[in-house]
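**Q** There's a structure below that I have some questions on.
The values are calculated or read from the model by the stated rules, or taken from the named source; none is laboratory data. What you see is a predicted model; the values in this text were computed from it and never measured. Ideal geometry is used to build each Cβ from the backbone, glycine not excepted, and the neighbour counts take in all protein chains shown. Remember, those area values only see protein heavy atoms, side chains included, never the ligands or the DNA or RNA. Shrake-Rupley method; radii C 1.70, N 1.55, O 1.52, S 1.80 Å.
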2 protein chains.
Amino acid sequence: MIIDVHGHYTTAPAALGAWRDRQVAALKDGTPAPLASQLHISDDELRESIETNQLKKMQERGSDLTVFSPRASFMAHHIGGFQVSATWAAICNELCFRVSELFPDHFIGAAMLPQSPGVDPASCIPELERCVRDYGFVGINLNPDPSGGHWTSPPLCDRHWWPIYEKMIEHDVPAMIHVSTSCNACFHTTGAHYLNADTTAFMQCLSGDLFKDFPTLKFLIPHGGGAVPYHWGRFRGLAQELKKPLLDEHLLNNIFFDTCVYHQPGIDLLTEVIPVKNVLFASEMIGAVRGIDPTTGHHYDDTKRYIEAADLTAEERHQIFEGNARRVFGRLDAHLKRKGL
Amino acid sequence: MIIDVHGHYTTAPAALGAWRDRQVAALKDGTPAPLASQLHISDDELRESIETNQLKKMQERGSDLTVFSPRASFMAHHIGGFQVSATWAAICNELCFRVSELFPDHFIGAAMLPQSPGVDPASCIPELERCVRDYGFVGINLNPDPSGGHWTSPPLCDRHWWPIYEKMIEHDVPAMIHVSTSCNACFHTTGAHYLNADTTAFMQCLSGDLFKDFPTLKFLIPHGGGAVPYHWGRFRGLAQELKKPLLDEHLLNNIFFDTCVYHQPGIDLLTEVIPVKNVLFASEMIGAVRGIDPTTGHHYDDTKRYIEAADLTAEERHQIFEGNARRVFGRLDAHLKRKGL
C-alpha cells in the first residue's frame, strides 16, 4: 500500500471559497457573519471535485490512500478572531470528512485547527477532539505562525503549545507543522513562507528540550523539512555548539520529514542524509506546483517516481511508502488493521 | 588561487564588543553615545586576532584570500536609528580595512551598511562609497531585513532598494544578501533566520523582474542559497506557474550561491543542481559552526574538502575556487590584476 501523508483539499467546489469571501467581507463590514448552514455542497459536487483531480492522479501515479486535510493556504488563521477561525475550521474539516466517507479506501482526514493569533491554543481542543472522535481523523495540522508571516506566537517548545501536545498524545495523533498564507509581502506563501516555517520549526525543536517532556510527541515537518536535510551538517554542528545530544537521539524519535521535494537530486539527498525511518511518502498533490517538469516530462509533484529511482532497497521503499506512516499515524494503522489491511 | 568570498571578522578584539555595549547602554539610558575615537585597538591586537584564528585556518586548509566583512550577527541594524548604525558600521568597516592593510595578500574588504528599519536605504550610500573609494572594498553585505526577524522592509524587488542597486552598478560591487541577529524569539539566528533569509531573498527575486531593470546587478546568496538548491524543482515549477522565464535566464545571470554548506551530500547537491558558473567558494569561517564533525574528523566549515571530493572537473573546481569570484567581484579581479595575479 502506498500512503501519501500530505494532501490538501485544494480543489473544493467554488461555493466554499465564496462562503469564505462572505465571511471575510462581513468581518470587514461589521455585518453578521454567514452561517455555516448557508453553505451547500452536494455529495455529487464533492465526488466530482475529487474524482477528476486528486483521485485521478492517485490512480495514474499509483498511490492508494491520502491523509487529507483542508487547504493549507486557505486556513488563513490571521483573519478575524477565534470565532471566525472556529466556524471556518469546522466547515473545512467537515468537507474533508465527507470526502473520506465518499472514498473510504482513498482518503482519511487530518484536522485544521481553529487557531488565531494571540488566542490560547487550548481553544482548539474541542475541534481537535471532535475531528478525532466523530470524523475518525488521524492527524492534525498545527500552524506555528497563525499571524501569517509575522511570527508573533512563541516557539514550539514554549508551554503556550502544551495543551495541544497533551491532547495529541492522549489521542495518539501526530501534527504536521504547516503554516498558511503569508500576509507579509516579504514572504511568498509557497516559495518562502512554507519552507522557512519548516526550517524554523526544526530549529526551535533543536534549541529546546521539548521531547524530554513529551517523549511520544510526533511532528511531521513537510516539504522535505525545508532547508534542514540540505544543511544537515550545519544542524549537527549547531546541536554540538548548543551541547545537545546527537540529532538521532535528540530529535529523530519525534520528528519526521515528508517527501514533498520536487526533483530527483533533492529526494536523493533526503534519503541519503535522513534515516529512512524518519521519511514519509507525500506529494502535496494537488498543491503549489502543478506543472510538468520539462526536463523529465513528468509532473514536478509526482514524487513517487523520485522515491522509486532513489538508491533504496525494497524494504526501505516499503517503509517510506507505508510502514513509517503506520508507525507515526497510530490511529491510521489501527484503522487499516480494523479493515484487515 | 583559492578565494573564500564569505568571511566575517567574528574574532575582533573584545574592546569592539565592549564599545558596542556602551553604545547600546547609552541608547537605553538616554545618555550621550560613546565616540568612535574612544575605541582603541592596536595593530598588534588586530594581527593577533587574525593570525591565531582566520589566517591560521586558511593556511591549514589551503585557501589564499578571504573577502572579509564585519561580523554579520553584530550588525544588529534593529538597534537604534541611522546615527547608531552609521557610527557602528564605520567602526566595523574600518577594522576590516585595517585587517586588509595588515594582511594584503589574504584579506580584502566587503562593507557592512548602516541600515536601519524604516530609514531610506539611500542613507547608506556615503558609507558604501567611502568603503569602495578609501578602503578598496570589493563588495557589500545588504540586509533584506534590518528589523532583525520582523521583516518590515519591502521585498528586494521594490524601488525602496533601488538607490543601493544604482550605486552597486556604478561601482561594480555585488551584494551578499545577509541578515543579522534575529530579535524574534521564533528564529534562531544562524539556524533559522539566516537560512530563511536566503530562501526568501531568492523567492523575492523569482517573483519579480528586478534583473530586467538592472541586468548587471549581482546578488550572492550565502549559506548555499538556504533551501533553494534542495528545492530547485519547486522553484523551477513556481517560476513556471508565475509565467517567468526559465531560471537560467530569469535569475542565474545575476544570482550566485556560496558553498557554506557543511556536509558532503549538501555540496554534492549544490554542485549537481546549480550551474558551476553560479557557485562561489566560501566557508564563513570562523562562524556559526566551529566544531569538528565526528563523522569525518574534520571541521564542519572546512568546505574546501567537500568541493575537492565533489564530482567536478579540474576546470570546474577552478571556477568555484577562483574564476567565478573574479567574475562576480569585478573590483577584486581588477585588484588582483594590478598585483600581477
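**Q** On average, how much area does the Cα convex hull of chain B cover when viewed from any direction, in nm²? Intermediate values should be presented prior to the final figure.
**A** Details: hull surface 67.1 nm².
Averaged projected area of chain B's Cα convex hull equals 16.8 nm².
**Q** Also: Taking the Cβ of A:SER69 as the centre, find all other residues whose Cβ is under 13 Å away and add up their charges (Lys, Arg: +1; Asp, Glu: -1).
**A** Value of the local net charge: -4.
**Q** Sticking with this structure for a sec: Computing the accessible area with a 1.4 Å probe over protein heavy atoms, can you report the carbon and sulfur percentage for segment A:59-212? Kindly include the intermediate steps, with their values, before the conclusion.
**A** Details: 2300 of 4470 Å².
Within segment A:59-212, the accessible surface is 52 percent carbon and sulfur.
**Q** Based on a Kirkwood Rh over C-alpha pairs, give the Stokes-Einstein translational diffusion coefficient of the protein assembly as shown at 4 °C and viscosity 1.567 mPa s in µm²/s.
**A** Values: Rh = 26.0 Å.
Diffusion coefficient, whole number: 50 µm²/s.
**Q** Do the sum for chain A: with -39,500 (n - 2.57) for every DSSP H run of n ≥ 4, divided by all residues, what is the mean residue ellipticity at 222 nm, to the nearest 500 deg cm²/dmol?
**A** Numbers: 16 runs with 147 residues, N = 341.
Taken over chain A, the calculation gives -12500 deg cm²/dmol.
**Q** Now for a different question. Taking each pair of distinct Cα atoms in segment A:135-188 once, what is the resulting Kirkwood hydrodynamic radius in Å? Before the final figure, lay out the partial values.
**A** Working: mean 1/r = 0.0807 Å⁻¹.
12.4 Å is the Kirkwood radius here.
**Q** Can you give the accessible area buried between chains B and A, summed over both chains, with a 1.4 Å probe, in Å² to the nearest 100?
**A** Summed over both sides, the interface buries about 4500 Å².
**Q** On to the next question. B:LYS243: which aspartates and glutamates have alpha carbons under 16 Å from its alpha carbon, excluding same-chain residues fewer than 8 sequence positions away?
**A** Leaving aside aspartates and glutamates fewer than 8 places away in the same chain, those within reach of B:LYS243 are A:ASP293, B:ASP209.
**Q** So if R0 is 41 Å, what FRET efficiency would B:LYS212 and B:ARG133 give, r being the distance between their Cβ atoms, rounded to the nearest 0.05?
**A** Working from the Cβ atoms, E equals 0.90.
**Q** While we're on this one: Using the heavy atoms of the protein chains alone and a 1.4 angstrom probe, what is the accessible area of segment B:271-341 per residue in square angstrom? Working shown, then result.
**A** Working: 3070 Å² over 71 residues.
Value for segment B:271-341: 43 Å² per residue.
**Q** Projected area of segment A:90-135, taken from the Cα convex hull and averaged over every viewing direction, in nm²?
**A** 3.2 nm²
**Q** Can you give the accessible area per residue of segment B:97-188, in Å², using a 1.4 Å probe?
**A** Heavy-atom SASA per residue in segment B:97-188 reads 32 Å².
**Q** Another question, if that's okay. List, shortest first and in nm to one decimal, how far the label point of A:ALA26 (7 Å from Cα along Cα→Cβ) is from its counterparts in the other copies.
**A** Going from nearest to farthest copy, the values are 5.8 nm.
**Q** Could you list, in their original order, any pairs among A:LYS167/A:LYS304; A:LYS57/A:LYS167; A:LYS57/B:LYS244; B:LYS57/B:LYS277; A:LYS28/A:LYS167; B:LYS212/B:LYS304 whose Cα atoms are separated by more than 30 Å?
**A** As for pairs spanning more than 30 Å Cα to Cα, those are A:LYS167/A:LYS304; A:LYS57/A:LYS167; A:LYS28/A:LYS167; B:LYS212/B:LYS304.
**Q** Here's something else I'd like to know. Could you work out, residue by residue across B:262-271, how many beta carbons of other chains sit within 10 Å of that residue's beta carbon, and then give the average as an integer?
**A** 6
**Q** OK, next. Considering only the label points, 7 Å along Cα→Cβ from Cα, what distances in nm to one decimal separate B:GLU60 from the same position in each other copy, shortest first?
**A** Spacings between copies for this position, smallest first, are 5.5 nm.
**Q** Also: For chain B, with the dipole built from +1 on Lys and Arg beta-carbon atoms and -1 on Asp and Glu ones, taken about the Cα centre, which of B:PHE97, B:LEU39, B:HIS171 lies farthest toward the positive end?
**A** Toward the positive end, the furthest listed residue is B:HIS171.
**Q** Evaluate the relative contact order of chain A (contact order divided by residue number), counting alpha-carbon pairs under 8 angstrom at least 6 apart; express in whole percent.
**A** The value is 17 percent.
**Q** Report the full-extension gain for the segment A:ARG290 to A:ARG22: residue separation times 0.36 nm, less the Cα-Cα distance, to one decimal in nm.
**A** Once the chain is fully extended between A:ARG290 and A:ARG22, it gains 93.7 nm.
**Q** Order B:213-220, A:3-10 from most to least packed using the mean count of other Cβ atoms within 10 Å.
**A** Details: B:213-220: 18.2, A:3-10: 26.0.
Ranked by mean Cβ neighbours within 10 Å, highest first: A:3-10, B:213-220.
**Q** Once R0 is set to 51 Å, what does the formula 1/(1 + (r/R0)^6) return for the Cβ-Cβ distance between B:LEU242 and A:LEU341, expressed as a FRET efficiency to the nearest 0.05?
**A** 0.80
**Q** What nm distances, shortest first, do you get from the label point of B:LYS243 to those in the other copies when the point sits 7 angstrom along Cα to Cβ?
**A** Here the equivalent label points are 5.7 nm apart from this one.
**Q** Now a separate question. Would you jot down the residues in segment A:147-194 that end up with at least 40 Å² less accessible area in the complete protein assembly than in the chain alone, with a 1.4 Å probe?
**A** Residues passing the criterion (a loss of at least 40 Å², heavy atoms only) are A:TRP151, A:CYS186, A:PHE187, A:HIS188, A:GLY191.
**Q** What part of the accessible area of segment A:234-300, given as a whole %, is carbon or sulfur when the probe is 1.4 angstrom?
**A** 55 percent
**Q** Note down the net charge around A:ASP268, summing +1 for each Lys or Arg and -1 for each Asp or Glu among other residues with Cβ under 10 Å from its Cβ.
**A** That works out to -4.
**Q** List for segment B:207-239: residues with 20 Å² or greater reduction in accessible area, all protein chains versus chain alone, probe 1.4 Å?
**A** B:GLY226, B:ALA227, B:TYR230, B:HIS231, B:GLY233, B:ARG234, B:ARG236, B:GLY237, B:LEU238
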